[in-house]
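Everything below concerns the one structure shown next.
The values are calculated or read from the model by the stated rules, or taken from the named source; none is laboratory data. The model shown is predicted, which means the values in this text are computed figures rather than measured ones. All Cβ positions, even for glycine, are placed from backbone atoms using ideal geometry, and neighbour counts span all protein chains on display.
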Amino acid sequence: MPLTLPTNRVTPANPATPGTLFVVATPIGHMEDITLRAIRVLKEAELIAAEDTRQTRKLLTRYDVSTPLVSYHDHNKEKRTPGLIDKLKAGKSIALVTDAGTPSISDPGYYLVRAAIRADVPVIPIPGASALIAALSVSGLPTDTFVFVGFAPRKPSKRRDFLKRLEREPRTLIFYESPKRLLGLIREIINLMGDRTAVVARELTKVHEEILRGLLSDILRQLSARPALKGECTLLVGGYEGAEEIDRKSLLDDLKQLNLETGRPLSDLVKEVAKKYGLSRKVVYEEALKLKKES
């Protein structure tokens, strides 16, 4: 039976009424991960606003789309937005795309979407691929509730404050991070939140797709042994399970025993015990200070 495409089309609106902004999800790697509706909208829109026109051109060529392209990215969004809004208000239909995945998710597209909403321009989602949802679906971590936190701040002090605010978040945490900063982020999470169960999804849907599961320390050890780390990375971290689950007696017994056996500095003992119990060093250090005071 032949495939029948939907008949409703993206038609030029009456110039007296606002046009439509279509937020179109595109593949995150594999070129076939795009919907029939998305291809149709890209063909029938009067303009495509793309984060990287060179990258988008590859997709358009693959699906024989000849719609004109205009660049729309972090460095020109403020300058470009008024002109695009004028076109929309004049009745033009515009498709917004990002380099990969769903526009406006950790992406400059949100700026145009917000401006369109403020201008009373219709904004229509054309759903499809999203790295965070793809990674979550195969993570094995709780999916009933989660928090997408995007990219952590680059500045050390701001990043530390950012992570500390998430320390007691019970939901699954989802981060985006560059391969250059991923290992540093994992180390900081271990120090502040403990050695939790986690997943790193790298190069999803691409030829070198990889999904690593285990404790953060195990994943860190595997990745640190490689000469280089490349590709888009999504990091998922198990949520906070509650201090009530800490066996304080066992923890203190371990600290006492290690102190008697080795006589090492308190910081070394805290590091070892924190790793064993999957706790942040801060929690174990506080218990160690209480033990020291009690002694």
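For (1) modelled with pLDDT of 95 or more; (2) not basic (Lys, Arg), each residue gets a yes or a no:
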residue	(1), (2)
Arg196	no, no
His208	no, yes
Ile211	yes, yes
Leu220	yes, yes
Gly238	yes, yes
Leu255	no, yes
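One line per residue, one yes/no per condition, for (1) closer than 18 Å to Ser130 by Cα; (2) of a type in the set (A, V, I, L, M, F, W, C); (3) part of a helix (DSSP H, G or I):
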position	(1), (2), (3)
Gly19	no, no, no
Ala49	no, yes, no
Asp74	no, no, no
Ala95	yes, yes, no
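Looking at the stretch 262-293, which of the residues that are in contact (Cβ under 8 Å) with a residue 60 or more places away in the chain and not in a helix (DSSP H, G or I) is surrounded by the fewest Cβ atoms within 10 Å (Cβ to Cβ)? Lay out the reasoning, then the answer.
First, pick out the residues of the stretch 262-293 that are in contact (Cβ under 8 Å) with a residue 60 or more places away in the chain: 274-275, 277-283.
Now restrict to residues that are not in a helix (DSSP H, G or I): 278-280.
Working: Gly278: 19, Leu279: 22, Ser280: 22.
Among them, the one singled out is Gly278.
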Please work out which residue is farthest from the chain's Cα centre (by Cα), limiting yourself to the stretch 1-28 and to residues that are among the small types (Gly, Ala, Ser) and at pLDDT below 95.
Ala16
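Okay, residues lined up against (1) under 13 Å from the mean Cα position of the chain (by Cα); (2) free of Cβ contacts under 8 Å to residues at least 12 places away in the same chain; (3) assigned to a loop (DSSP other than H, G, I, E, B):
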position	(1), (2), (3)
Ala134	yes, no, no
Gly140	no, no, yes
Asp144	no, yes, yes
Phe148	yes, no, no
Glu169	no, no, yes
Ile174	yes, no, no
Gly184	no, yes, no
Glu188	no, no, no
Leu192	no, no, no
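Results for (1) in contact (Cβ under 8 Å) with a residue 12 or more places away in the chain; (2) over 28 Å from His208 (Cα atoms), shown as yes or no for each residue.
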position: Glu32; (1), (2): no, no
position: Thr61; (1), (2): no, no
position: Lys79; (1), (2): no, yes
position: Lys92; (1), (2): yes, yes
position: Ala100; (1), (2): yes, no
position: Ala116; (1), (2): yes, yes
